[in-house]
Amino acid sequence: MKWTISQLNQLQHKGLTVDEIVDVTDLKELDKNSIRDISPVRVTGRVDLSSLKATFHLTISGSMVLPCSRTLVDVPFPFEITTTETFLLRHTSDYDTDEETHQVQGDVVDLLPLIKELIILEIPMQVLSNDLNAEGAAPQEGKDWQVISEEDKAKKVDPRLAGLAKFFEDDKEK
């Protein structure tokens, strides 16, 4: 996923399409608590080239395994990221630099660090598994405690307020 500026200039009239499989397994080492496994990632798209810039229109797709926030079991998390990134091939003041415009370091455009950053940004704050009783899952109850879902919490009436529930039932009967 690297091109020199001269290679991009030669492809300016032909155009460039991208369809590659990228190995990003080193993300597991970078973020050990969040990413347990990650499949090879497919990067597809096209590149608009001019003498001043290269604009990459990419779709990054793959799957990673993340820990469930509640039970710590493995949860498969497929992702598909669509992005447009612009690399300035020459230093010029014609373009306003913003977050989606990158200056080329040296004479090589390298997409791999950008792809890794986008994947890390795609990790959700919480991942929840549907299987609460999976093998190796954190316990959901113990001595004098249990995990209560929001639905169960809404159905359960506080014993201190049980008398008020009867008050409204009397009004309905009248």
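Can you confirm whether Lys32 is in the same structural domain as Glu85 (by TED's automatic domain parsing), of a type in the set (Lys, Arg), exposed (fewer than 13 other Cβ atoms within 10 Å of the Cβ) and more than 19 Å from the chain's Cα centre (by Cα)?
So Lys32 fails the test.
Can you run down the residue pairs with Cβ atoms below 6 Å, 6 or more apart or on separate chains, where the first is in the stretch 51-75 and free of Cβ contacts under 8 Å to residues at least 40 places away in the same chain and the partner is of a type in the set (Asp, Glu) and surrounded by fewer than 19 Cβ atoms within 10 Å (Cβ to Cβ)?
Once the first residue is free of Cβ contacts under 8 Å to residues at least 40 places away in the same chain and sits in the stretch 51-75, its partners that are of a type in the set (Asp, Glu) and surrounded by fewer than 19 Cβ atoms within 10 Å (Cβ to Cβ) give Thr55/Asp48; Ser61/Glu80; Val65/Asp37; Val65/Asp74.
Residue-by-condition table, conditions (1) within 20 Å of Ser34 (Cα to Cα); (2) surrounded by fewer than 14 Cβ atoms within 10 Å (Cβ to Cβ); (3) among the small types (Gly, Ala, Ser); (4) at pLDDT 85 or above:
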| position | (1), (2), (3), (4) |
| --- | --- |
| Pro76 | yes, yes, no, yes |
| Ser93 | no, yes, yes, no |
| Glu100 | no, yes, no, no |
| Asp110 | no, no, no, yes |
| Met125 | yes, yes, no, yes |
| Gly142 | no, yes, yes, no |
| Asp152 | no, yes, no, no |
| Lys156 | no, yes, no, no |
| Phe167 | no, yes, no, no |
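Can you say whether Val104 is out of contact with any Ser or Thr (no Cβ under 8 Å at 6 or more places or on another chain), modelled with pLDDT of 90 or more and surrounded by 11 or more Cβ atoms within 10 Å (Cβ to Cβ), as far as the supplied structure shows?
no
Which condition breaks for Ile21 when tested against (1) loosely packed, with under 14 Cβ neighbours inside 10 Å; (2) of a type outside the set (Ser, Thr, Tyr); (3) assigned to a strand (DSSP E or B); (4) touching a residue at least 24 places away in the same chain (Cβ under 8 Å)?
(4)
The values are calculated or read from the model by the stated rules, or taken from the named source; none is laboratory data. None of these values were measured; they are calculated from a predicted model. Note: ideal-geometry Cβ built from the backbone for every residue, glycine included; neighbour counts use all protein chains shown.
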